[in-house]
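Below: one structure, written as C-alpha cells.
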Amino acid sequence: MKLRPLFPPLAAAALAGIAPLSGQAPAPALDEGGTVLGTEADRWARMTVPVNIGDRGPFPFVVDTGAERTSIARELASDLRLGLGARARLHSMTEVSQIQTVLIPTLEVGGRSVRGINAPALQRRYIGAEGILGVDSLQSQRVSFDFIRQQMTVMNSHRREETWPADTIVVTARNRLGHLVLVDASVEGLKVWVILDTGAQTTVANNVLRRKLEEKGRLRATVPVMLQSVTGGQIAADQTRVKRIRLGGIDINDMPVAFADVHPFAKLGLTKKPALLLGMDALRLFDRVSVDFPNRRVRLLGGSRSQLEGARFAEARRGMRL
C-alpha cells in the first residue's frame, strides 16, 4: 500500500496482506545452504527481487513479510496471457475484498520454483511493482535482510545461523495468525505490539496508541495524509514524528509514524491494544534484520546506516533478549 499525502509528506508507505488461498501448491523445501538473492529498491524504498514466470522475466516483485500469498500485477498477467483462477479474499490496508486470481504455472525466484500458484491480480499502479512476493513458503525458514549488501538470504530455520556482532539485539516474538509480533517493545515508554512488515514503506500505528500518547502529552503536531491500499481503497491518517521507539535494547529516535485504524490491526486482533506496523523506513535504519519464523526470533543489527537517515539509533546497553 502506498501513503498518499494531502500535504508535503514526512514519508510514504506500502502494505499488503493476502489471505491464504485454497488449492495453493506448497513450495519446495530449501536446501541446507540457503539461497541468497540480490535485491533492489523500488520507488517507495521497498525491497524487490527478480522473479521469472515460466520462461519470461525477470520481473521485480516486492518482498513482503506481511503478505501470506504472492500476487501479480493485472497488466503483467494479461501480457503473459495467464489463465483465470478462482476469486479469493484479500486483506489490504483499508478493507477485505474479493479479488480475481490468475494461474501462474511456474514462478522462479533465486533458482527455486513454485508451481500452480493462484495469485490475486491487482492493478500495477496500486501495488507499485510487477507483483508481491508473499512469505507463505517461509513459515519454516529464516529470512535475513542485509541492507548494506542489498541481499536477502533464505535458509532452513534449524540450520545454525552465522555469528552476529555482540551488539546485535535479539527479540523473541509471538506468532499471531502467521505474523511475528514483537512484545518487548515500547513507544515513548508505552508498551506496544510491533509487527514487522517489509511491504510497508512507512510505520503505521493504531489510534489506541495515539490516544495514550495524547493523554501523556507526548503526541507532537500531526499533518493529514491519505493511505491508499493495493486495491485502491483509501483511509485518512495523521502523521507525526515519535521521539522514541524501543525494540528490545535499541531505540529509534525521531521516527515518522502515521496514525490510523487500518485493517491489519483488526485482522490481528489488535484494535484494543497499542500496536505498530514497523515499515521499511524503520527497518532500513538497521544494517541487518533476521526473521526466524518457526523459532519466533528477530535479530536487529544497527550501525552505519543509522548515520545516513533522518531517524537516529540510541543503544540501551542492557543485554540481548532471547
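The values are calculated or read from the model by the stated rules, or taken from the named source; none is laboratory data. The model shown is predicted, which means the values in this text are computed figures rather than measured ones. For neighbour counting, all protein chains shown are included, and Cβ atoms are generated from backbone atoms with ideal geometry for every residue, glycine included. Remember, those area values only see protein heavy atoms, side chains included, never the ligands or the DNA or RNA. Shrake-Rupley method; radii C 1.70, N 1.55, O 1.52, S 1.80 Å.
At 1.4 Å probe size, with no ligands or nucleic acids counted, give the accessible surface of Ile99 in Å², nearest ten.
20
Taking amide H atoms as placed 1.01 Å from N in the peptide plane, list the residues 5 or more away in sequence, or in a different chain, whose amide H sits under 5 Å from that of Gln239.
It is Val223, Val225, Phe259, by chain and number.
Assuming a ≥ b ≥ c are the square roots of the Cα gyration tensor eigenvalues, decide whether segment 111-249 counts as rounded (a/c under 1.5), prolate (otherwise, with a/b larger than b/c) or oblate.
It comes out oblate by the Cα gyration axes.
Could you please put Arg288, Arg160, Arg220 in sequence from largest to smallest accessible area, using a 1.4 Å probe?
Arg160, Arg220, Arg288
Heavy atoms only, probe 1.4 angstrom, no DNA, RNA or ligands counted: give me Ser97, Ser78 ranked by accessible area, highest first. Before the final figure, lay out the partial values.
Numbers: Ser97 20, Ser78 80 Å².
These residues rank, largest area first, as Ser78, Ser97.
Say the dipole of segment 191-236 comes from +1 at the beta carbon of Lys and Arg and -1 at that of Asp and Glu; which of Ala236, Gly217, Leu196 then lies farthest toward its positive end?
Ranked along the dipole, the leading option is Gly217.
For segment 160-167, in order, what is each residue's ³J(HN,Hα) by Karplus, 6.51 cos²θ - 1.76 cosθ + 1.60 with θ = phi - 60°, in whole Hz (x at glycine and Pro)?
Once rounded to whole Hz, the list reads 4, 7, 4, 5, 9, x, 4, 8.
Subtract the Cα-Cα distance of Arg87 and Lys267 from 0.36 nm times their separation in residues, and report this length gain in nm to one decimal.
Numbers: separation 180, 0.36 × 180 = 64.80 nm, distance 1.98 nm.
Working it through step by step, the gained length comes to 62.8 nm.
Treating only the Cβ of Lys, Arg, Asp and Glu as charged (+1, +1, -1, -1), what charge dipole size does segment 74-223 show about its Cα centre? Round to the nearest 20 debye.
Result for segment 74-223 is approximately 380 debye, rounded to the nearest 20.
Would you mind calculating the gained length between Asp254 and Glu215 on full extension (0.36 nm times residue separation, minus the Cα-Cα distance), in nm to one decimal? List each step's numbers first, then the result.
On the way: separation 39, 0.36 × 39 = 14.04 nm, distance 1.94 nm.
Working it through step by step, the gained length comes to 12.1 nm.
What ranking of Leu190, Leu103, Leu270 comes out by heavy-atom accessible area, probe 1.4 Å, highest first?
The ranking, largest first, comes out as Leu103, Leu190, Leu270.
Can you compute the label reach from His158? Point 7 Å from Cα along the Cβ direction, backbone N cut-off under 18 Å, restricted to segment 265-304.
Counting only backbone N, you get 292-297.
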